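S.K.: One structure, pasted below without further comment.
The values are calculated or read from the model by the stated rules, or taken from the named source; none is laboratory data. Worth saying up front: this structure is predicted, and the values here are computed from it rather than measured. Cβ placement follows ideal geometry from the backbone for every residue including glycine, while neighbour counts extend to all protein chains displayed.
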Amino acid sequence: MAWWRGKTPAMSEDSDRRRGKRTGLAGGDGRPGTSAMGVEGRQPSMKRDLWRALGYLRPYWWEALGASLSLLLATASNLVTPRLLQILIDRGIKASNLRLIYFMAGGIVVVAALRGVFTFLQGYLAERASQGVAFDLRQQIYTKLQSLSFSYHDQAQTGQLMTRATNDVDIVRMFVGMGFPNLLNIVIVFVGTAALLFAIDWQLALMSLTIVPVALTLILTILRRVMPRFMIIQQKLGHLNTVLQENLAGARVVKAFAREPYEIQRFKAANEDLLRENLYVARVMGFSIPILFTLGGVGTLIVIWAGGLRVIGGRLTLGELVAFNTYLASLTLPLFFLGMILGMMTRAGASARRVFEILDAETEIKEKPDAIELPPLKGRVEFDHVRFRYIGASEDALKDVSFVVEPGETVALLGETGSGKTTIINLIPRFYDVTAGAVRIDGYDVRDVKLHSLRSQIGIVLQETNLFTGTIRENIAFGRPDASMDEIIEAAQAAEAHDFIMSFPDGYETRVGERGVGLSGGQKQRIAIARALLMNPRILILDDYTSSVDVETEARIQRALERLMEGRTSFVIAQRVSTVRRADRILVLDHGRLVAQGTHEELLETSPIYAEIYYLQLGGQQPGRLFALSTPGNGGRRQISRSVRAERFKEVR
C-alpha cells in the first residue's frame, strides 16, 4: 500500500529508527543481552548490591533492631535447652531428685515458650522491615521510570520492567526479611554451639566438627555452579512476562490472524526455557541434601562411638553426652539450611543488580541546575540547523532541518513513513535532545527551561491513543485534575465528543476499560483531543489525529479544531492532503530533510513530491491533464503526465 493512501494505527512513525538495532533488555530467548538498563562502566558486584539493598533498612531501623534482638534471644534460649537437659539427667534423674526434675522440666517448657515468643517477634518485625524495603524499592522504580526519557523506553521491554518492579523486588524483600536474618542466625548458632561443644569436651568437639569443612566446601562448590543461573532465571522470567504482555496487548491482532496456536507455542517455549533453568538449579542444589544428611549421620556416629567410650571411661557424664549430641544436632540443621540461604542470597544479589540497573539508569533529558521557568508562551517555534539521531540508528533521522513558525500559525507536516515528521514534534516538548543545532520556543532554547513549564503549555494528541482505567471525565481531565465540569464539557464539545459521551447511561462517569476497551477508535481519539484542548495550550500538536475516524467525524473535528487553532501555534501530521491543505504552511519532509515548504497552492507549483501526492489522492478529477512543476535547482519546469503518475503509482504499490 502506498504510504499516502493511509496506514494502520499500529504503524508507528520512526519506530524502527527509534529502536535501531536494539529491541530490549535481553535477547529474544531471555539470555543476557545488551541492556537498556545497564549503567556504562558499572561492574557487577553481588556483595555491593546486597549491602546496598540492606541499606534500605535505615528508615526501619527500629523494626530491624527489634528483629535482631529477638533473634539473639531466640537463639540464646535454644542454646540453653541442652544445658538444662544435661542438669536434668546428671543431677535430677541420676540422683533421683524429683524436685530438680520437675524444676528442670518446667524450665525447659518455659524456655521453649520464650523461644516461640521471640521467634514470632523476630519474624513479624523482620517482615515489617522487609515489606517497607519492598515498598520503597517499588516506589523508587516507578518514580524513576517516570523521569526516564523516551530513548530509554524505546529500548526497554515492558515485561522486563514489570518483572524487575515485582518479582525481583520480592526476591530482594525475602532476602532482607528472611535470608539475611537466618544467615546471621546460622553464624550465631554455629559460633555459640561450637563454643559450648568445646566447653563440654574439646577433644570430642574436634573429632565431631571435622564434618563442617567438608559440608562448607560442598555448599560453596554447588553455589559456584548455580550462581550464574540465577541471573539467567530472572532474565528468562522477564522474557516470559514480555511474551505474555505482548499477547494480552495484541489479543485482537492474534485472533484476527488466527495465530492462537503459534502464540501458545511461543509462550510454551519461553515457559519451558524457564522450567529447564529452575529444574537445573533445583537438581544441583538438591544434590547437596543427601550428602549433608550423610555427613550429619557421620557426626552423630562419631559422638556416639567416641562419646560412649568417654562415658564408660568416666571422662564424660551421660548428661554431657546427651547435651553434646543435642548441640551437634542443632549445629547440623543450620548446615542443611546454609545452602538454601546462600542460594537465596545469590539469587537476591542477581535481582538486586537488576533493580539497581533501573535506579542507576542515566536520564538523558535533564534539567540544567540553572534552568529557568518558561513564561507564558506566545508560540514562536524555531528549528535552527537541527540534526538528530536515535540511539543505535545508523543514520540521522533529521538532517540539518531549519524553519521558523510564527505565533498562531498552523503548520502541517507531510512525508512518507520515516521521513522525520514524528521526530520533529517529539523535539518540541523535548522528549529527546537534538544531536546538533537547537530548538527554540519564543527565543528560549528548550534545553534551558524547566520541563514542566515547557510541557504544561503544549497540548499533544498522539497517533496511538492511550486512555487509562477510570472514568471518561478522569481521562479528559488527566492533564488538569482540578478542571471544573463545565470546562471538561466545553473541551469535549469542541472535540465533537460530548454527544456520544452523553449517549452512555453514566455520561462522563462512564468507566473506561484498560487501554480504552469499550470505546471505538474514533471515540478514543476524540477523548484524547478533548484531553489536549482542556490544557488550553499555546502550542498544539496533532499527530495523525484523524487516523482512527471516518470522513464525517474527521470533518466535524476539523471544523471544531479550526476554531480552536485560532491564536495557537499548531503542528498537524496527517496522511490525507485534504486534511493538511488548509494549513497556513506545509512542510514537506523526505528522508529526514526539509525539501519544501509553503502553502498548498505554492507547493503544487514548486514541489514535485507534494504535487505527486496530491494528484495521486485527488487528481482523479482531472484525467489526462498535464501539470507543470518547478523543480528547485534546475531552473526549469517538468511535465508529468497521467501515464507517468500511473507508472509511479505502480512502483510504490
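S.K.: In this structure, does residue 309 turn out to be farther than 27 Å from residue 428 by Cα and either at pLDDT below 80 or touching a His at 6+ places or on another chain (Cβ under 9 Å) (or both)? Let's see the steps before the verdict.
M.R.: Working: farther than 27 Å from residue 428 by Cα: yes; either at pLDDT below 80 or touching a His at 6+ places or on another chain (Cβ under 9 Å) (or both): no.
The answer is no for residue 309.
S.K.: Further, regarding this structure: List the residue pairs whose Cβ atoms are under 7 Å apart, where the first residue sits in the stretch 207-231 and is of a type in the set (S, T, N, Q), the second is in a helix (DSSP H, G or I), and the two are 6 or more positions apart or on different chains.
M.R.: That search, which allows pairs on different chains as well, returns 208/299; 208/302; 208/303; 208/328.
S.K.: To continue, here is another question. Scan the stretch 86-95 and tell me whether some residue there is assigned by TED's automatic domain parsing to the domain that holds residue 352 and under 30 Å from residue 356 (Cβ atoms).
M.R.: Going through the stretch 86-95, the residues assigned by TED's automatic domain parsing to the domain that holds residue 352 turn out to be 86-95.
Now drop any that are not under 30 Å from residue 356 (Cβ atoms), which leaves none.
There is no residue in the stretch 86-95 that is assigned by TED's automatic domain parsing to the domain that holds residue 352 and under 30 Å from residue 356 (Cβ atoms).
S.K.: Based on this model, can you work out whether residue 179 counts as buried (at least 19 other Cβ atoms within 10 Å of the Cβ), over 30 Å from residue 82 (Cα atoms), under 40 Å from the mean Cα position of the chain (by Cα) and among the small types (Gly, Ala, Ser)?
M.R.: Numbers: buried (at least 19 other Cβ atoms within 10 Å of the Cβ): yes; over 30 Å from residue 82 (Cα atoms): no; under 40 Å from the mean Cα position of the chain (by Cα): yes; among the small types (Gly, Ala, Ser): yes.
In short, no.
S.K.: In the stretch 182-191, is there at least one residue being of a type in the set (S, T, N, Q) and surrounded by 18 or more Cβ atoms within 10 Å (Cβ to Cβ)? Lay out the reasoning, then the answer.
M.R.: So the first thing to find is which residues in the stretch 182-191 are of a type in the set (S, T, N, Q), and the list is 182, 185.
Cutting the leftovers down to surrounded by 18 or more Cβ atoms within 10 Å (Cβ to Cβ) gives us 182, 185.
There is at least one residue in the stretch 182-191 that is of a type in the set (S, T, N, Q) and surrounded by 18 or more Cβ atoms within 10 Å (Cβ to Cβ).
S.K.: Can you report the number of residues in the stretch 345-378 which are part of a loop (DSSP other than H, G, I, E, B), closer than 19 Å to residue 137 by Cα and of a type in the set (A, V, I, L, M, F, W, C)?
M.R.: Within the stretch 345-378, the first condition is being part of a loop (DSSP other than H, G, I, E, B), and the residues that meet it are 360-371, 373-378.
Now narrow it down to the ones that are closer than 19 Å to residue 137 by Cα: 360-363.
Next, from what is left, pick out any that are of a type in the set (A, V, I, L, M, F, W, C): 361.
Count: 1.
S.K.: Being crowded, with 22+ Cβ neighbours inside 10 Å and either without any contact (Cβ under 8 Å) to a residue 60 or more places away in the chain or closer than 13 Å to residue 588 by Cα (or both) is the filter here; which residues of the stretch 399-410 pass it?
M.R.: Start the filter on the stretch 399-410 by keeping residues that are crowded, with 22+ Cβ neighbours inside 10 Å, which leaves 401, 405, 410.
Hit for the stretch 399-410 is 401, nothing else.
S.K.: For the stretch 561-653, give me every one of the helices (runs of 4 or more DSSP H) that falls completely inside it and has 1 or more residues that are assigned by TED's automatic domain parsing to the domain that holds residue 461 and modelled with pLDDT under 80. Steps first, please.
M.R.: Values: elements: 577-580, 600-606, 608-618, 642-652.
Per the criteria, 577-580.
S.K.: Output the residues belonging to the stretch 109-129 that are aliphatic (A, V, I, L, M) and crowded, with 17+ Cβ neighbours inside 10 Å. Spell out how you get there, then give the answer.
M.R.: At the first step, the residues of the stretch 109-129 found to be aliphatic (A, V, I, L, M) are 109-114, 117, 121, 125-126, 129.
Of everything in the stretch 109-129, those that are aliphatic (A, V, I, L, M) and crowded, with 17+ Cβ neighbours inside 10 Å turn out to be 111, 121, 125, 126, 129.
S.K.: Out of curiosity, is residue 342 more than 17 Å from residue 435 (Cβ to Cβ), aliphatic (A, V, I, L, M) and in a loop (DSSP other than H, G, I, E, B)? Show your work before the answer.
M.R.: Values: more than 17 Å from residue 435 (Cβ to Cβ): yes; aliphatic (A, V, I, L, M): yes; in a loop (DSSP other than H, G, I, E, B): no.
No: the conditions fail for residue 342.
S.K.: Could you count how many residues in the stretch 136-149 are over 12 Å from the mean Cα position of the chain (by Cα) and either not assigned by TED's automatic domain parsing to the domain that holds residue 355 or not in a helix (DSSP H, G or I) (or both)?
M.R.: Result for the stretch 136-149: 1.
S.K.: Something else now. Just for the stretch 465-483: of the residues that are more than 15 Å from residue 511 (Cβ to Cβ) and loosely packed, with under 14 Cβ neighbours inside 10 Å, which one is farthest from the chain's Cα centre (by Cα)?
M.R.: Of everything passing the filter in the stretch 465-483, 482 is farthest from the chain's Cα centre (by Cα).
S.K.: Could you identify the single residue in 117, 111, 133 that is touching a Phe, Trp or Tyr at 6+ places or on another chain (Cβ under 6 Å), under 30 Å from residue 57 (Cβ atoms) and either β-branched (Val, Ile, Thr) or not assigned by TED's automatic domain parsing to the domain that holds residue 58 (or both)?
M.R.: On inspection, the qualifying residue turns out to be 133.
S.K.: Find the residue count for the stretch 158-207, including only residues that are out of contact with any Asp or Glu (no Cβ under 6 Å at 6 or more places or on another chain) and over 30 Å from residue 245 (Cα atoms).
M.R.: Filtering the stretch 158-207 for residues out of contact with any Asp or Glu (no Cβ under 6 Å at 6 or more places or on another chain) gives 158-176, 178-199, 201-207.
Imposing the further condition that a residue be over 30 Å from residue 245 (Cα atoms) reduces the set to 178-199, 201-207.
Adding up the residues that qualify gives 29.
S.K.: Looking at 490, 496, 514, which one is over 33 Å from the mean Cα position of the chain (by Cα) and at pLDDT below 85? Before you say what the answer is, go through the steps one by one.
M.R.: Working: 490 fails: at pLDDT below 85; 514 fails: over 33 Å from the mean Cα position of the chain (by Cα).
Testing whether each residue is over 33 Å from the mean Cα position of the chain (by Cα) and at pLDDT below 85 leaves just 496.
S.K.: Follow-up question, since we're still on this one. Please work out which one of (1) more than 24 Å from residue 455 (Cα to Cα); (2) at pLDDT below 90 is the condition residue 509 fails and give its number.
M.R.: Only one criterion is unmet by residue 509, namely (2).
S.K.: Could you look through the stretch 332-391, keep only residues that are hydroxyl-bearing (Ser, Thr, Tyr) and surrounded by 15 or more Cβ atoms within 10 Å (Cβ to Cβ), and pick out the one that is farthest from residue 589 (Cα to Cα)? If you could, list the steps in order and put the result at the bottom.
M.R.: From the stretch 332-391, those hydroxyl-bearing (Ser, Thr, Tyr) are 332, 346, 351, 363, 390; that's our starting set.
If we keep only those that are surrounded by 15 or more Cβ atoms within 10 Å (Cβ to Cβ) too, we end up with 332, 346, 351, 390.
Values: 332: 75, 346: 53, 351: 46, 390: 17 Å.
Applying the filter and picking the extreme gives 332.
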